[in-house]
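One structure is given here, and the rest of the page talks about it.
FYI, it's all coordinate maths here, none of it is from the lab. A quick note: this is a predicted structure, and the numbers were derived from the prediction, not measured. As a convention, Cβ positions derive from the backbone with ideal geometry for all residues, glycine included, and neighbour counts pool all protein chains shown.
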Amino acid sequence: MGSYISWALAENMKTYKADLHIHTCLSPCADLEMSPRNIVREAIKSGLDIIGICDHNTCENVPYVQKCADNFDISIIGGIEVTSREEAHIIVLFDSADALFAMQKTIYDHLAGTNDERLYGDQVVVNEKDEVVNFNKRLLIGATELSIENIVARAHDLNGLAIASHVDRPSFSVISQLGFIPEGLQLDALEISDRNRIDIFKGMSLPLVTSSDAHCLNHIGKNYTNFTMECVNLEEIRRSLLGQEGRKVVT
Amino acid sequence: MKIADIVQKLKLNVKSGNDLLDREITGGYVSDMLSDVIAHAKTGYIWVTLQTHLNIIPVASMRELSGIIIVNSRQPDPDTLKKAEEEKIPVLGTDMRAFQVVGKLYQLGISGEHEDI
């Protein structure tokens, strides 16, 4: 009976190709060609089923990317790549726009400074028609006053997921800044940016994902993770990361 | 040079490890990236940083550092100080910037040099 049930569950499952970490032209360090329309077009071309939109400390372009995807068979998950006070990057992802924008408010309340376009680059809010809505004036490249623990806890309070960004990189990662993953930190996964380095992290007790961290169009989908699950929502992604009832992630 | 000497000369606040101030300082290191500290700090070094996260204590313990100076008036979390007491790591605070602290330590004869450089 048990095996019949797991077989029945597996029948309902599909494998989705996901790149959960893509920047838009709102990130000062991303190319201006990263407009919502171009990103969705490129993601479809790369065969992706799910993309996560994660700009530095902001989510203002997420609704426009979602509008672009309305008539296509691709799911957009709204997120933010938050910079902690330790200068580590954490990806937070949400199902609901309310939760996403509540997270953004927490970040904005703890983020000081004004952007200098000449030094850091433009921070452009662009709509689904490729029209400039406005320029974000905040210092998005800066660090918030939120600790890593605060960021993870806030994301979870809002029913989101928290993934440590590019932990294999020598800068702005939890491991570069803090030496190792703090004990008791409730991360949902670790993101590895170079597939060749995945093996180093396989012994850790946290699930692993790989994503592109694309800042330009031709990096979209360069790294991705396959999620085997029933449908696309954050709860299914969470359950896949935990490997529950036949769901799985393959990097 | 002992921790007690620099506490007195640099007017540092002792935040943990009041009973450990007779430790000898062999040199120093300044960095806010803990992975870098793990890679380069040596036994007995005093570590100057603005990080206050709990992880600074295990790093200091692993490298057998003589103590940590937290600069810029930053306040370590209560958890950090609790762990510091457990791991017997002196944590010292100051309003000074890292540059000033390191300059003063150098004047006292504490250097960050070792044979690899």
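Expressed as a whole percent, how much of the Cα-Cα distance distribution for region A:123-251 exceeds 22 Å? Don't skip to the answer; put the middle values down first.
Details: 3925 of 8256 pairs.
Value for region A:123-251 (Cα pairs over 22 Å): 48 percent.
By counting other Cβ atoms within 10 Å of each Cβ, how are B:D36, A:D70 ranked from fewest to most?
Details: B:D36 16, A:D70 9.
The fewest-first ordering by Cβ neighbours comes to A:D70, B:D36.
Aspartates and glutamates within cross-link reach of B:K82: Cα-Cα under 15 Å, excluding same-chain residues under 8 positions apart?
Of all the aspartates and glutamates, those that pass the test against B:K82 - Cα under 15 Å, at least 8 places apart if same chain - are A:E183, B:D19.
Give the distance, in whole Å, between the Cα centre of region A:180-208 and the Cα centre of region A:87-144.
Here the answer is 26 Å between Cα centres.
For every helix of n ≥ 4 consecutive DSSP H residues, a contribution of -39,500 (n - 2.57) applies; sum these over the protein assembly as shown, divide by its total residues, and give [θ] at 222 nm rounded to the nearest 500 deg cm²/dmol.
Theoretical 222 nm ellipticity from helices: -8000 deg cm²/dmol.
Measure of size requested: the Rg and Dmax of region B:36-117, with Cα atoms as the atom set and Å as the unit; please supply both.
For region B:36-117, the Cα radius of gyration and maximum Cα-Cα distance read 12.4, 37 Å.
State, as an integer percentage, the relative contact order of chain A based on alpha-carbon contacts under 8 Å between residues 6 or more apart. Can you show the working numbers first?
On the way: 580 pairs, mean separation 59.5, N = 251.
After rounding, I find 24 percent.
Would you mind calculating the relative contact order of region A:192-251 from Cα pairs under 8 angstrom and at least 6 residues apart, reporting the percent as a whole number?
This gives 29 percent for region A:192-251.
Where does each of A:T15, A:T251 land when they are ranked from fewest to most other beta-carbon atoms within 10 angstrom?
A:T15, A:T251
Between the alpha-carbon centers of region A:27-85 and region B:31-48, tell me the distance in whole angstrom.
Each part reduced to its Cα centre gives a spacing of 38 Å.
How long are the three semi-axes of the equivalent ellipsoid of chain A, in whole Å, if each is the root of 5 times an eigenvalue of the C-alpha gyration tensor, listed from largest down?
28, 22, 16
Using the per-residue mean of other Cβ atoms lying within 10 Å as a proxy for protection, in what order, highest first, do the peptides A:228-238, A:23-33, A:78-88 fall? Walk me through the numbers before you get to the answer.
On the way: A:228-238: 17.7, A:23-33: 21.1, A:78-88: 24.9.
Peptide ranking by packing, descending: A:78-88, A:23-33, A:228-238.
How crowded by other chains is A:178-186, given as the mean number of beta carbons from other chains within 10 Å of each beta carbon? Intermediate values should be presented prior to the final figure.
Numbers: counts 10, 15, 7, 1, 5, 4, 2, 2, 0.
Whole-number average of other-chain Cβ neighbours for A:178-186 is 5.
Order of A:I163, A:I175 from fewest to most other C-beta atoms within 10 Å?
Fewest-to-most ranking of A:I163, A:I175: A:I175, A:I163.
If you build the convex hull over the alpha carbons only and average its shadow over all orientations, what do you get for region A:56-158? Give it in nm² to one decimal.
6.8
Which value, in debye to the nearest 20, describes the size of the charge dipole of region A:121-235 about its Cα centre when Lys and Arg Cβ atoms bear +1, Asp and Glu Cβ atoms bear -1, and nothing else is charged?
For this selection, approximately 300 debye.
With contacts defined as alpha carbon pairs under 8 Å and 6 or more residues apart, what's the relative contact order of region A:151-211 in percent? Don't skip to the end; give the middle numbers.
Values: 81 pairs, mean separation 18.4, N = 61.
Worked out over region A:151-211, it gives 30 percent.
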